[in-house]
Amino acid sequence: MFQTLKEWFWLERFWLPPTIKWSDLEDHNGLVFVKPSHLYMTIPCAFGLIIIRHFFEKFIASPLAKTIGIKEEVRKITPNTVLENFFKHSTRKPSQTDIYGLAKKCNLTERQVERWFRSRRNQDRPCRMKKFQEACWRFTFYLTITIAGIAFLYDKPWVYDLWEVWNGYPRQPLLPSQYWYYILEMSFYWSLLFSLGSDIKRKDFLAHVIHHLAAVSLMSFSWCANYVRSGTLVMIVHDVADIWLESAKMFSYAGWKQTCNTLFFIFSIVFFISRLIIFPFWILYCTLILPLHYLEPFFSYIFLNVQLLILQGLSLYWGYFILKMLKRSIFTKNIQDVRSDSENEREEEEEEEEATEGKETDCVKNGLGASRHLIPNGQHGH
């Protein structure tokens, strides 16, 4: 039964154009072609990247963050056993009735109970140090893999492969540089999927999950069907913009607003050129339109382009948020990543208001008056 299922899954009419057979992709005369078994290597490599990331964040990202002014944030709250048990075992956001009952039980005011729960939730929020570490790791990987990809593959006829293979021309053998480029890229996205539970949860969490799964699926499929050069081009086009985004986030967490804004504008330009111009009008055109001139659509053609269209849809989704950020920066002179962090902005605003109220009260008690210019603004990384 397993053998029958395996034979059905690898039917040539599913994966290959009519003029290509699996026998054409067998190793011969010293030439090595891609094999699905090569992809097993991506899983141990993914765990290897997670280990490397741990040491990178500890010994490189953390000292770098402290060097540019990011400090560990210690959020302390008054211990309360009753409220802590309710927070852990009932709900993080109690109703007004619950607050009233807890206030009576703890001999506190309702306002004090509300503040305790807000502070307790804020205590679990990721600090700027953790955000910087994650952004620094992604920036380092994207920069390294992009440079390596360009160095290894710049002289390879990527685009020619995109339409040539559909017309029945022989496939090209696998190069060592292509092998490692693919393995590292896939391993990185596997590592991002494996670490989603421990990483900072973003507002577009679901979009990130879909993106990572689509990326792994697309890379796996293009590898098995030997569309390697096409896949490398797709990966470079997507990685080149992420370098600028992660660097902008790093400087945003450090409070270097002018540098952050400059990098974000560069990212926006690169993003729209690479993902909304080059990708649809160059790559998608070669995979979706040109093949129709040579043969009837088949499963491999449909499956490949559906995944590419999903990536294009996600790019349009994120492009909308980028335009919102650009609009905000034009009118407020400040850029916030409206698509990234999942912290409750209302809670942050209320926390700042409470801090302001406390400082104003202290000023009044000391006879200084409630002068707002004496109150330093809170600085939050987004």
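For this structure, a couple of remarks:
- In segment 76-126, a dipole from Cβ-located charges (positive for Lys and Arg, negative for Asp and Glu) runs towards its positive end, and of Asn107, Thr91, Ile77 it is Ile77 whose Cα lies farthest in that direction.
- For segment 46-142, dividing the convex hull volume of the Cα atoms by the residue count gives 139 Å³ per residue.
- Residue order, fewest to most surrounding Cβ atoms within 10 angstrom, among Glu296, Glu246, Glu114: Glu296, Glu114, Glu246
- Distance between the 7 Å Cα→Cβ label points at His28 and Ile269: 5.0 nm.
- Distance from the Cα centroid of segment 177-217 to that of segment 1-79 is 8 Å (rounded to whole angstrom).
- Multiplying the residue separation of Asp98 and Gln258 by 0.36 nm and removing their Cα-Cα distance gives an extension gain of 53.1 nm.
- Taking a ≥ b ≥ c as the square roots of the eigenvalues of the alpha-carbon gyration tensor, segment 26-101 is classed oblate because a/c is 1.5 or more while a/b is no larger than b/c.
- Rh by Kirkwood over Cα pairs, then Stokes-Einstein D for segment 76-126 at 1.306 mPa s and 10 °C, µm²/s: 146
- Calculated over segment 172-250: convex hull of Cα atoms, volume per residue (Å³): 99
- Extension gain (nm, one decimal) between Thr144 and Ala207, 0.36 nm per residue minus Cα-Cα: 20.2 nm
- Annotation for Phe298 and Ile51: the two label points, set 7 Å from Cα along the Cα-Cβ direction, are 4.2 nm apart.
- Subtracting the Cα-Cα distance of Lys105 and Asn122 from 0.36 nm times their residue separation leaves 3.8 nm of extension gain.
- Of Trp256, Trp22, the sequence from fewest to most neighbouring Cβ atoms within 10 angstrom is Trp22, Trp256.
- Summed residue charge, Cβ within 11 Å of Leu143's Cβ, Lys/Arg positive, Asp/Glu negative: -2
Taken together, the values in this text are just the output of simple stated rules run on the coordinates, not laboratory data. Everything numeric here is computed off the predicted structure, so don't read it as measured data. When we count neighbours, we look across all protein chains shown, and the Cβ atoms used for this are built from the backbone with ideal geometry, even at glycine.
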